[in-house]
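Take a look at the structure set out below.
The values are calculated or read from the model by the stated rules, or taken from the named source; none is laboratory data. Just so it is clear, the structure is predicted and the values come from calculations on it, not from any experiment. Please note: Cβ atoms are built from the backbone with ideal geometry, for glycine as well, and neighbour counts cover all protein chains shown. What goes into the accessible areas is simple: the full protein's heavy atoms, side chains included, and nothing from ligands, DNA or RNA. Shrake-Rupley method; radii C 1.70, N 1.55, O 1.52, S 1.80 Å.
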Amino acid sequence: MVQKADKIWFDGQLVPWDEANVHVLTHTLHYGVAVFEGIRCYKCTDGSSAVFRLKEHVDRFFDSAKAVEMNIPFTREEISAAILETLKVNRLEQGYIRPLAFIGDGAMGVHPGDNPIRVIIATWPWGAYLGEEALQKGIRIRTSSFTRHHVNVMMTKAKVAGNYVNSVLAKMEAVADGYDEALMLDVDGYVSEATGENIFIVKKSKLKTPPLGSILGGITRDTLITLARDMGYDVVEQRFTRDELYAADEAFFCGTAAEVTPIREVDRRVIGAGKAGPVTMLLQNEYFKIVHGENLKYAGWLTSYEL
Ligand code: PPE
């Protein structure tokens with residue numbers, strides 16, 4: 001169960017958690033057109049709290065809305081300020097932030113007509129997405145029987161609620177079969193991403209991640225590409241197949257929620273030494289330093305707030 005906070009920001013007002021409700025004829029509930037973000041804030045080593053890459057998340061929120069022709073009735077600055085306000089009112093030192101824009105009730109039928117575009121921002125404490133142990137020991141995954149969206153079937157660069165039916169099906173299948181997460185292939189059979197994470201492989205100290213085709217352009221992916229290159233690693237954005245993944249020295253998933261999660265087994269094949277790899281753990285360690293404000297080189301990615 002999600003841990004309740006005091007308030008949810010709803011169309012410009014802070015309303016009590018239990019009163020943040022919608023009508024059952026909310027258009028999005030029927031047709032799935034909503035856009036959302038997932039953002040983390042961390043308690044920093046100096047005792048302050050900070051949101052990680054707020055600007056990039058808010059920009060992607062508006063880019064997603066544009067892709068589905070949704071006019072968010074607030075500016076980027078208003079949404080950013082509302083996120084910080086919601087964190088403060090909920091006194092959240094560390095956790096997760098979920099902005100969501102959706103189509104309200106009014107007209108029914110596929111065309112949303114002039115139905116209002118409504119926006120909420122919820123926050124809650126959220127620990128390790130795939131469990132603390134996963135971050136240390138790595139996870140076991142399987143290739144999904146569900147294919148990732150074709151780029152002309154869904155707006156894959158947009159974080160659209162309806163896109164996630166595909167993720168939910170893949171995740172349920174993987175968990176029911178005893179795996180931690182699903183690996184999704186694109187329509188051509190190349191490795192795409194997971195249900196809520198991007199993927200990297202490491203071979204001979206070189207990193208490879210799928211290009212921006214069918215995948216969500218992850219902000220964590222971008223963070224790790226920047227970080228790895230700054231640390232002197234070669235990083236390429238290139239398609240690869242599942243057998244290349246099987247033969248990798250290391251593999252890991254990344255995302256706001258999943259952070260940097262090592263993969264130790266894929267489709268019953270052990271990856272590398274069958275535990276979190278050294279490059280993966282080095283990057284994970286650096287990532288955690290950055291989000292906790294311990295690496296001033298990347299301080300520009302943090303937006304501090306006072307509680
Ligand atoms: N791919 C998908 C499909 C995805 O949903 C995410 C984020 C990513 C890649 C990584 O993107 P980024 O967070 O910008 O690095 N998934 C979010 C949703 C998790 C959920 O269960 O809800 C997240 O990590 O917040």
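Overview of results
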| quantity | calculated |
| --- | --- |
| Conditions (1) within 14 Å of the ligand (Cβ to nearest atom); (2) outside any loop (DSSP other than H, G, I, E, B): number failed by residue 173 | (1) |
| Given (1) surrounded by 11 or more Cβ atoms within 10 Å (Cβ to Cβ); (2) of a type in the set (D, E, K, R); (3) over 19 Å from residue 76 (Cβ atoms), index of the condition residue 37 fails | (3) |
| Qualifying position, being in a helix (DSSP H, G or I), of a type in the set (Asp, Glu) and in contact (Cβ under 8 Å) with a residue 24 or more places away in the chain, among 85, 133, 93, 77 | 85 |
| Leading residue by the ranking (surrounded by the most Cβ atoms within 10 Å (Cβ to Cβ)) among those in region 219-260 that are within 13 Å of the chain's Cα centre (by Cα) and β-branched (Val, Ile, Thr) | 260 |
| Sole exception among (1) in contact (Cβ under 8 Å) with a residue 60 or more places away in the chain; (2) open to solvent by less than 20 Å² (accessible area, probe 1.4 Å) for residue 161, by number | (2) |
| Those residues of region 201-216 which are assigned to a strand (DSSP E or B) and away from the ligand (no atom under 15 Å from the Cβ), in sequence order | 201, 202, 203, 206, 207, 208 |
| Out of 285, 198, sole residue that is within 12 Å of the ligand (Cβ to nearest atom), among the polar types (S, T, N, Q) and modelled with pLDDT of 95 or more | 198 |
| Region 241-267, residues that are over 27 Å from residue 288 (Cβ atoms) and either within 16 Å of the ligand (Cβ to nearest atom) or not aliphatic (A, V, I, L, M) (or both) | 241, 242, 243, 244, 246, 267 |
| Residues that are open to solvent by 60 Å² or more (accessible area, probe 1.4 Å) and over 18 Å from the mean Cα position of the chain (by Cα), drawn from region 119-140 | 133, 136, 137, 140 |
| Unmet criterion (only one of (1) within 14 Å of the ligand (Cβ to nearest atom); (2) of a type in the set (A, V, I, L, M, F, W, C); (3) under 30 Å from residue 103 (Cβ atoms)) for residue 153 | (1) |
| Qualifying residue in region 176-193 (condition: of a type in the set (Ser, Thr, Tyr), part of a helix (DSSP H, G or I), without any contact (Cβ under 8 Å) to a residue 60 or more places away in the chain and within 13 Å of the ligand (Cβ to nearest atom)) | no |
